[in-house]
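The values are calculated or read from the model by the stated rules, or taken from the named source; none is laboratory data. Everything numeric in this text was worked out from a predicted model, so none of it was measured. Neighbour counts are summed over all protein chains in view; Cβ atoms, including those assigned to glycine, are modelled from backbone coordinates with ideal geometry. These area figures cover heavy atoms from the full protein model, side chains too; ligands, DNA and RNA do not enter into them. Shrake-Rupley method; radii C 1.70, N 1.55, O 1.52, S 1.80 Å.
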Amino acid sequence: MYMAMLEIPDLGSTSYMFKWSTEQYIEEVENGSDPGLQEYQAAEIKFIKDNITKPEEKTFIDVGAGYGRVVTQLAPIAKQVIAIDIDKQLLEELRRRANHFNNALVIEGSGDDLVKLINKDIEHPVLLSLQNTLGPWDGNRQIAIQQLRALAEQNKGELIVSLFCREAIQDWGIPMYATTEGLLGKYDPAKSDLATGIYRTSTNYESYWFSEEEREELKHQLGGHVSNEIRDHKYHIFHITYAESIQGAS
Ligand SMILES: C[S@@+](CC[C@H](N)C(=O)[O-])C[C@H]1O[C@@H](n2cnc3c(N)ncnc32)[C@H](O)[C@@H]1O
């Protein structure tokens with residue numbers, strides 16, 4: 001039984017002021033020292049590869065693609081990859097990486113405008129929202145969620161959403177973030193509220209960690225059919241298929 005609508009706070013106002021650094025991102029996250037973060041990133045890639053059949057027939061749309069961490073892994077196996085991001089600094093490296101592939105396209109813009117940004121029918125799209133991208137979202141998460149559903153549903157596609165779990169914000173989040181201070185800044189307890197999933201730093205980074213109940217409600221709001229999921233203590237990754245997506249063994 002689903003009761004109230006998911007009420008996710010719109011935390012966009014301060015994160016717009018946050019400045020990403022591609023170099024620090026690669027050093028402290030992709031190649032960082034936190035074992036849980038490394039395990040998570042490997043689990044995400046494995047989940048995509050295990051769950052998306054016939055990738056050579058599909059267009060991956062990475063919404064909030066960052067500097068292209070996953071784009072370079074998907075372009076060699078996909079029909080096409082469309083990478084969308086809003087951050088000018090990360091977009092530089094994203095474009096540089098995408099240029100190595102003739103099937104990778106970069107779009108600068110907000111996931112809040114996803115349907116308009118894509119602006120055409122895509123056969124078999126696989127939408128991706130990875131590495132808790134809906135957490136430090138610059139914009140309105142509720143609109144972004146509606147846009148993900150609209151694009152996936154109208155094209156009978158698939159969607160993978162990967163989120164950090166609020167249950168782990170204290171025992172894993174805090175020590176994990178301590179290893180990413182060069183990128184995200186120092187934890188600011190006065191501006192954070194871990195009990196309600198809000199983590200903020202001295203450099204205006206903020207991230208929202210969804211509770212278990214909110215993640216269930218999010219799945220409900222995204223519609224479609226949850227065909228597989230991983231529920232780790234630290235992260236929750238789920239694969240949603242919409243009618244007639246290509247399924248079955250490749
Ligand atoms: C935590 S990073 C994850 C990057 C990437 N998904 C990955 O797995 O490596 C979040 C990314 O979402 C992007 N982002 C935040 N708000 C966005 C929005 N409204 N539209 C598009 N991208 C957004 C940020 O610029 C950043 O690159």
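Brief remarks follow.
- When residues in the range 61-83 are screened for being in a loop (DSSP other than H, G, I, E, B), open to solvent by less than 20 Å² (accessible area, probe 1.4 Å) and on the phi < 0 side of the Ramachandran plot, 5 of them pass.
- In the set (1) touching a residue at least 24 places away in the same chain (Cβ under 8 Å); (2) more than 15 Å from the ligand (Cβ to nearest atom), the condition left unmet by N132 is number (2).
- Test: L134 is open to solvent by less than 10 Å² (accessible area, probe 1.4 Å) and closer than 18 Å to D10 by Cα: yes
- A count restricted to the range 179-197 and to residues that are surrounded by fewer than 22 Cβ atoms within 10 Å (Cβ to Cβ) and not in a helix (DSSP H, G or I) stands at 11.
- Number of the exception - N102 against (1) within 16 Å of the ligand (Cβ to nearest atom); (2) free of Cβ contacts under 8 Å to residues at least 24 places away in the same chain: (1)
- Residue in the range 143-151 that is in contact (Cβ under 8 Å) with a residue 24 or more places away in the chain, within 7 Å of the ligand (Cβ to nearest atom) and out of contact with any strand residue (DSSP E or B) (no Cβ under 9 Å at 6 or more places or on another chain) present: no
- Selection within the range 99-116 - touching a helix residue (DSSP H, G or I) at 6+ places or on another chain (Cβ under 8 Å), open to solvent by 10 Å² or more (accessible area, probe 1.4 Å) and not in a loop (DSSP other than H, G, I, E, B): A104, L105, V106, I107, E108, D112, D113, V115
Yes/no matrix, rows are residues, columns are (1) part of a loop (DSSP other than H, G, I, E, B); (2) open to solvent by 20 Å² or more (accessible area, probe 1.4 Å); (3) at pLDDT 95 or above; (4) farther than 26 Å from K120 by Cβ:
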residue: L163; (1), (2), (3), (4): no, no, yes, yes
residue: A168; (1), (2), (3), (4): no, no, yes, yes
residue: Y177; (1), (2), (3), (4): no, no, yes, yes
residue: Y199; (1), (2), (3), (4): no, no, yes, yes
residue: N204; (1), (2), (3), (4): yes, yes, no, yes
residue: A243; (1), (2), (3), (4): yes, yes, no, no
residue: G248; (1), (2), (3), (4): yes, yes, no, yes
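- Among the residues of the range 117-129, those that are within 13 Å of the ligand (Cβ to nearest atom) and open to solvent by 10 Å² or more (accessible area, probe 1.4 Å) comprise L117, I118.
- Residue pairs meeting the criteria (Cβ under 6 Å; at least 6 apart or on separate chains; first under 14 Å from P136 (Cβ atoms) and outside any strand (DSSP E or B), in the range 84-98; second within 9 Å of the ligand (Cβ to nearest atom) and modelled with pLDDT of 95 or more): I86/S110; L90/G66; L90/Y67
- In summary, D87 fulfils each of the numbered conditions (1) of a type in the set (D, E, K, R); (2) near the ligand (Cβ under 9 Å from one of its atoms); (3) surrounded by fewer than 17 Cβ atoms within 10 Å (Cβ to Cβ) with the single exception of condition (3).
- Hey, N155 surrounded by 17 or more Cβ atoms within 10 Å (Cβ to Cβ) and either in contact with an Asp or Glu (Cβ under 7 Å, 6 or more places away or on another chain) or farther than 26 Å from L218 by Cβ (or both) or not: yes
- Residue in the range 43-54 that is of a type outside the set (K, R), assigned to a helix (DSSP H, G or I), over 29 Å from K88 (Cβ atoms) and within 13 Å of the ligand (Cβ to nearest atom) present: yes
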